[in-house]
Structure formats: C-alpha cells, structure tokens
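Asks: Take this structure first; my questions come after.
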Amino acid sequence: MKEYKCIIFDCDGVLVDSEVLGNQVFVDMANEYGADIDISYAMHHFKGGFLMDSIRQVEDIIQKSLPLDFESEYRQRSYEIFSTHLKSVEGIEKVLEKLTIPFCVASSGPQEKIKRNLHTAGLLSFFLGNIYSCYDIGKWKPDPAIYLHASTTMGFLPNECLVIEDSYKGAQAATSGGFDVYGYALHNEDPNFEKEVTKTFEKMDDLISLLKL
C-alpha cells in the first residue's frame, strides 16, 4: 500500500450514520410540497451534495419555489432526529484510535452541523481543530476545493493524502483534485461510484486491513 501522510474523512455516511436519517427528513419535507420522491431517489440524487442544489432539484420537480425557511426547517427537523437516533458508523472509532498519521474531516455541511453530529456520535474529540466545511470556502462537492483546502491547511499535497468517501459526488471531488480515494460502499448503489475510487470496502475492519493498521 502507498504510504500516505494524511487521511481526510468525509463526515456524513463515513464517520456518522446520518445519510439515511437526513435524507428521509428531506424526502418527507419535499413530499409535503408535492415532490413524490422516496429515499432511494434521495440517496441517488442528493447524497454527498450541497443542500441548496437538492432544494433546487425539488423545485424543478414541483415547478415552484419552496418556502424561504425550508432550509432552516430542514436543519431543525434533522437536528431533532439526529439528537436521538444518530450513531457513529460501525467500526470507525477503532479506525481513528489506530491511526498514527494526521487526519481530519472535510464535509459539505456547515461547521455547526459537523461539530454537533460528531459530538452526538462521540467522535468530536478526534477532530478538534481539524474540521473543514464547504460553507467556509463557498464551494461544494463535486468541486475539489474542500479537499484541496483541507490538505493545504493540514500541510500536505494531494498525492500525499488519502480521502475516505461514501458518495459519488464526494469521490468525484477528491479524484478531480488529485487525491486517492477509498470508497465506503456499504450503502452506495451508484454504479459510477466504483469508477471514481481507488479501492472500495464495505466494513471498517476492511479499511483497517487496507491501511495496515
């Protein structure tokens, strides 16, 4: 295995088991306005992306604008469900405990969401000071900017870093920025996902083996 100097983790779906929870809240809200979509549609079209892009896609479906407070209402509803149901991804804590090289998290979500979810899942202490948000730089996956920002701030070149992703958009962002990507494929049914990653794995124990931890 290539000797990486830094590992950059996506957050939702890689560190915290939030993708299905968050997307179900979004589906329920979108359907209140006539979108008529399901969780499978959301996981395929919205997973790993910018919330405002998802909102615009729903507006295209229903052919009208959603309320201006749709985003804030979504944040509130998702925070409520996360506070009682959110867990860390099975096995990820063992990975983090075994790592001996620098690592960080780079996510499409706002800083508040990342920190809140990591805290709820019991992982925040692993990432204090090393949390990077697309909202901080105003660019979202599949733009590679967030991964380039994270690697530069951590003090490494893209070819020295490994990105851990679970979404097609996130994998696109990393590969287009010159990063190797290991794809967590347990809940990813997008046939294009595997084309964007260096290797895939379905259990965190497999990632431990891949990293020779």
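Asks: Mind counting the residues in the stretch 159-213 that are charged (D, E, K, R) and part of a helix (DSSP H, G or I)?
Replies: Matching residues across the stretch 159-213 total 7.
Asks: Let me ask something additional. Among the residues of the stretch 162-179, which ones are open to solvent by 40 Å² or more (accessible area, probe 1.4 Å) and on the phi < 0 side of the Ramachandran plot?
Replies: TYR168, LYS169, GLN172, THR175, SER176
Asks: Pull out all pairs, ordered by first then second residue, where Cβ-Cβ is under 9 Å, the residues are six or more apart or on different chains, the first lies in the stretch 145-164 and is closer than 18 Å to VAL197 by Cβ, and the second is acidic (Asp, Glu) and part of a strand (DSSP E or B).
Replies: PRO158/ASP180; ASN159/ASP180; CYS161/ASP180; LEU162/ASP180; VAL163/ASP180
Asks: Go through the stretch 1-32 and count every residue that is modelled with pLDDT of 95 or more, in contact with a helix residue (DSSP H, G or I) (Cβ under 7 Å, 6 or more places away or on another chain) and open to solvent by 60 Å² or more (accessible area, probe 1.4 Å).
Replies: Here the count works out to 1.
Asks: Now for a different question. Tell me yes or no: at least one residue of the stretch 50-67 is on the phi > 0 side of the Ramachandran plot and in contact with an Asp or Glu (Cβ under 8 Å, 6 or more places away or on another chain).
Replies: Checked against the condition, which is being on the phi > 0 side of the Ramachandran plot and in contact with an Asp or Glu (Cβ under 8 Å, 6 or more places away or on another chain), the stretch 50-67 yields no hits at all.
Asks: List every residue pair whose Cβ atoms lie under 7 Å apart, where the two residues are 6 or more positions apart in sequence or sit on different chains, the first residue falls within the stretch 42-61 and is over 13 Å from MET29 (Cα atoms), and the second residue, located anywhere, is part of a helix (DSSP H, G or I) and basic (Lys, Arg).
Replies: That search, which allows pairs on different chains as well, returns GLY48/LYS169; GLY49/LYS169.
Asks: Does at least one position in the stretch 84-104 carry a residue that is modelled with pLDDT under 95, open to solvent by 20 Å² or more (accessible area, probe 1.4 Å) and over 16 Å from LYS141 (Cβ atoms)?
Replies: Yes, the stretch 84-104 contains at least one residue that is modelled with pLDDT under 95, open to solvent by 20 Å² or more (accessible area, probe 1.4 Å) and over 16 Å from LYS141 (Cβ atoms).
Asks: List the residue pairs whose Cβ atoms are under 8 Å apart, where the first residue sits in the stretch 189-204 and is within 20 Å of SER40 (Cβ to Cβ) and among the aromatic types (Phe, Trp, Tyr), the second is open to solvent by less than 70 Å² (accessible area, probe 1.4 Å) and not in a helix (DSSP H, G or I), and the two are 6 or more positions apart or on different chains.
Replies: Close Cβ pairs (under 8 Å, with a partner that is open to solvent by less than 70 Å² (accessible area, probe 1.4 Å) and not in a helix (DSSP H, G or I)) amount to PHE193/SER167; PHE193/GLY183; PHE193/ALA185; PHE193/THR200.
Asks: Would you please name the residue that is nearest to VAL95 (Cα to Cα), looking only at residues in the stretch 108-161 that are under 14 Å from the mean Cα position of the chain (by Cα) and open to solvent by 40 Å² or more (accessible area, probe 1.4 Å)?
Replies: So the residue we want is LYS115.
The values are calculated or read from the model by the stated rules, or taken from the named source; none is laboratory data. Computed from a prediction, not measured in an experiment: that's the story for all the values here. Please note: Cβ atoms are built from the backbone with ideal geometry, for glycine as well, and neighbour counts cover all protein chains shown. Just the protein is used for accessible areas: all its heavy atoms, side chains included, with ligands, DNA and RNA removed. Shrake-Rupley method; radii C 1.70, N 1.55, O 1.52, S 1.80 Å.
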